[in-house]
Amino acid sequence: MNQIESQLKDLIIKAAASAFAYQLTDDEIVIEIPKEKQYGDYSTNVAMRLTKALHEKPQAIAAKLVEELVKYSDTISSASIAGPGFINFVLNGDTLTDVLRTILASPDTYGQTNSGKGLKINLEYVSANPTGDLHPGHARGAAMGDSVARLMKFAGYDVTSEYYVNDAGNQINNMALSLQARYFQICGLEAKIPEDGYNGPDLIAIAQRFYDLHGTAYRDVVSEESLPIFRAYGLAAEITKLKEDLALFRVEYDVWSSEQSIYDRHMVEKSVKKLQELDMTYEAEGAVWLKTTLFGDDKDRVIIRSNGLYTYLTPDIAYHVDKFERGFTKLVDFLGADHHGYINRLKAAIQALGYDKDALEIDIIQMARMIKDGEEFKMSKRTGKAVALKDLIEEAGVDAVRYYFASRAADTHMDFDLDMATKQSNENPVYYAQYAHARVCSILKSGQGYALASSFEQLVHPKEIDLLKYLNEFPVVVSDAAVSRQPHKICNYIQKLAQLFHSFYADCKVLDDGNAELTAQRLALVTAVKITLKNALWLIGVSAPERM
RNA sequence: GUCUACGUAGCUCAGCUGGAUAGAGCAUGCGCCUUCUAAGCGCACGGUCGAGGGUUCGAGUCCCCCCGUGGACGCCA
């Protein structure tokens, strides 16, 4: 909630109380900036929303509210009725410029709110298997997840970001076998990558490092005996590489969780046992099934196969229990759309264990189709046919890639044109926003001799008013983006703020030798723009360059 | 076939719990640098919001049904 909106809401609540003896709440009032400037600085549709409760026509309600509202002339310079019953406000200058004092007083925290109320949240994203390089398809999840983590921290949540490493399943054996085969090949032996193995170039590099370390020491050892060595070595190498690539992408996790450690701590047996005690399981066809249909799943799911092994679901259930036991009140998972069918069974399992249905929220991130030479480029870790995230970053730059992925809502099917991305063209709007920041920096550098103003009565140009209003919006946008976990709202904000600044720049000269006071006031304004842009860019992991 | 998302300008996408004449970038066309960065500004062009019904003061937004696209439908992970 920004200062202006909460002020206006308070006034509307008071006005409704004295005009109708009706007690409004904050949630019932929507304040917005009208698209058309002729409708004033801010507007509300509250009169229309009250028609049912008050049994009067919206215009009549609006008229009575306005009668009350105009009394608060220290905030509102005018209030009027328009169209079907909107109330439009024009504000006093002071009301608008207060935001500059706020921003300049604590630059690093502008935009922070307490919307999250310290709620302890766990946010899991990417969690790709440690069996190959991250590719651009993972980049969307990484960009989304990291941005949402930053957003939630900014909005007052106590959020922990987490990567679940599947280091215990079948796929790790296949990775180890593939690595071993690569090693044998380097040793000059005939060796084939197993059918379910991994053909990626990363394993060749890891095998080479292994060879450099051990030479032919494992060349003549029986495969079964050396496999655990390759397994451990490969796993460590893959995980290190994951961390490095993500760090390169400016993605840092608070916690890396290991599936193996879930097993080692007997979390899996405990969870299964508890499910059995709660009578949530049954045996059939030699397997143990979980009654997920009790909680809306299409069919019951196997948790212990007839060969005695667990399915993927089982340790994952235990892992989520582990998260709850670490004290999180809410778990959020970001999954790719290809895991969509997994949502119901996992949520069902959580409920079977007695947790609240809403304690686990799973957001689906639609897949990004990779386009190369105008055609879809199918990628697969198994065949090794893929572009590594690392290569993409090197060619296109972290800023462009992160902005691109952050700027689209998670539920849109998007195309990622590899050719365009690597061209580093101006088609990516990130440069527009960064340029605005660089321009402000340039002004500030040239205007070093001036002090910033502390009163702002001369900021009355329409372009200045637009900027002031929009600066006021930032905390609302952050809060909204955090609660809805939609970082693209920050991108929209950045784009608009940059546009307002560029437009202001064209019309208003900041450094004016003939008017020191106006210069000082405008310097304060552009400093506030710089701070806000920088904070907004930080939220989506994009740098704010001083010059371009 | 079933489930689940999506379909908005030539292209990529916004559109805040239903609100005023549906927006932006790119592309296209025309203007603007002796003045703080032209990676910029201004103007123009561009739409049956996939089709059809319904709900109400009001629907791109909610409901139903078609059409199209992606994804998922394992005792794989």
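The values are calculated or read from the model by the stated rules, or taken from the named source; none is laboratory data. As the structure is a prediction and not an experimental result, all values here were calculated from the model. Because the Cβ atoms are built from the backbone with ideal geometry, glycine has one as well, and the counts that use them run over all protein chains shown.
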- Enumerate the strands (runs of 3 or more DSSP E) found wholly within the stretch A:72-170, keeping only those where 3 or more residues are within 14 Å of RNA strand B (Cβ to nearest atom) and in contact (Cβ under 8 Å) with a residue 12 or more places away in the chain. A:76-82, A:86-91
- Message: As an exercise: evaluate A:Q180 against (1) under 33 Å from the mean Cα position of the chain (by Cα); (2) crowded, with 24+ Cβ neighbours inside 10 Å; (3) modelled with pLDDT of 95 or more and give the number of the one condition it does not meet.
- Response: (1)
- Task: Would you tally the residues in the stretch A:257-283 being surrounded by 13 or more Cβ atoms within 10 Å (Cβ to Cβ) and in contact with a strand residue (DSSP E or B) (Cβ under 7 Å, 6 or more places away or on another chain)?
- Result: 8
- Message: Is it the case, given these coordinates, that A:A433 is more than 10 Å from RNA strand B (Cβ to nearest atom) and either of a type in the set (G, A, S) or surrounded by 15 or more Cβ atoms within 10 Å (Cβ to Cβ) (or both)?
- Response: no
- Query: If you take the residues of the stretch A:449-494 that are free of Cβ contacts under 8 Å to residues at least 60 places away in the same chain and of a type in the set (K, R), which of them is surrounded by the fewest Cβ atoms within 10 Å (Cβ to Cβ)?
  - Reply: A:K463
- Applying the selection to the stretch A:191-210, what residues are buried (at least 18 other Cβ atoms within 10 Å of the Cβ) and free of Cβ contacts under 8 Å to residues at least 60 places away in the same chain? A:I193, A:I206, A:A207, A:F210
- Task: Having 3 or more residues that are within 30 Å of A:S178 (Cα to Cα) and touching a residue at least 24 places away in the same chain (Cβ under 8 Å) is the bar; report the helices (runs of 4 or more DSSP H) wholly within the stretch A:284-399 that clear it.
- Result: A:313-325, A:389-396
- Message: Every residue in the stretch A:328-369 that is at pLDDT below 90 and over 21 Å from the mean Cα position of the chain (by Cα), please.
- Response: A:G341, A:K357
- Residue that is farthest from RNA strand B (Cβ to nearest atom) [pool: residues in the stretch A:284-301 that are surrounded by fewer than 18 Cβ atoms within 10 Å (Cβ to Cβ) and of a type outside the set (G, A, S)]: A:L294
- Message: If a residue must be touching a helix residue (DSSP H, G or I) at 6+ places or on another chain (Cβ under 9 Å) and either at pLDDT 95 or above or not in a helix (DSSP H, G or I) (or both), how many such residues does the stretch A:506-520 contain?
- Response: 6
